[in-house]
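As C-alpha cells, the structure follows; a few thoughts come after it.
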Amino acid sequence: MTVASYVLGIASALLVLIIVFELLRRRRLRERHTLWWMIAGVLGLVLAIFPQIVEETAHALGVEVPLNLVFFLAIFVLFMVHLQQSSELTRHEERTRVLAEQTALLEDRIRQLESERETREGESPQQ
C-alpha cells in the first residue's frame with residue numbers, strides 16, 4: 001500500500017465523519033439516520049489506519065482479493081442505509097394516508113354540520 005493511498009483512505013474516512021457530524025449539528029440529519037453513516041466512517045477509518053485487518057479478514061473468510069471484501073462491506077452498509085430509508089418511507093406513506101383519510105372525514109363532517117346549520121337557519125322564523 002502506498003503512502004498516498006494510505007493518506008487518501010484516512011482523509012476520506014475522516015471527511016465522511018466530519019460531514020456526518022456537521023449535518024447532525026446543523027440538524028440537517030437526524031440522529032436515527034446517522035447510525036449506518038457513522039459505522040461506515042468509523043469502519044473506513046479503522047481499515048484505512050490498519051489496512052492489514054482487511055488482508056487478514058479476507059484471508060480468514062476465504063476472499064482472494066482483499067479489495068473485494070472492502071467493496072462487499074461498502075455495498076452492505078449502503079444496503080442497510082437504503083433499507084432503513086425504505087422502512088421510514090413506508091411509515092411516512094402510511095401516516096400520510098391515514099392523515100388524508102382523517103382529513104377527508106373531518107371535511108365531510110364540517111360540510112354536514114354547515115348544511116344542518118343552514119337548514120336550521122332557513123327554518124327559523126324571520127323577525
Next item on the list: Would you mention how many residues in the range 56-79 are over 15 Å from the mean Cα position of the chain (by Cα) and either open to solvent by 60 Å² or more (accessible area, probe 1.4 Å) or at pLDDT 95 or above (or both)?
Entry: 15
Next item on the list: Could you run through the range 80-127 and say how many residues are open to solvent by 100 Å² or more (accessible area, probe 1.4 Å) and farther than 30 Å from Met38 by Cα?
Entry: 13
Margin query: Taking the criterion of being modelled with pLDDT of 95 or more and either under 24 Å from the mean Cα position of the chain (by Cα) or surrounded by 13 or more Cβ atoms within 10 Å (Cβ to Cβ) (or both), would at least one residue in the range 29-36 satisfy it?
Written below: no
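The values are calculated or read from the model by the stated rules, or taken from the named source; none is laboratory data. Quick caveat: nothing in here was measured; it's all calculated off a predicted structure. Positions of Cβ are backbone-derived with ideal geometry, glycine not excepted, and every protein chain shown enters the neighbour counts. Side chains are part of the model used for accessible areas, which takes the heavy atoms of the whole protein and leaves out ligands, DNA and RNA. Shrake-Rupley method; radii C 1.70, N 1.55, O 1.52, S 1.80 Å.
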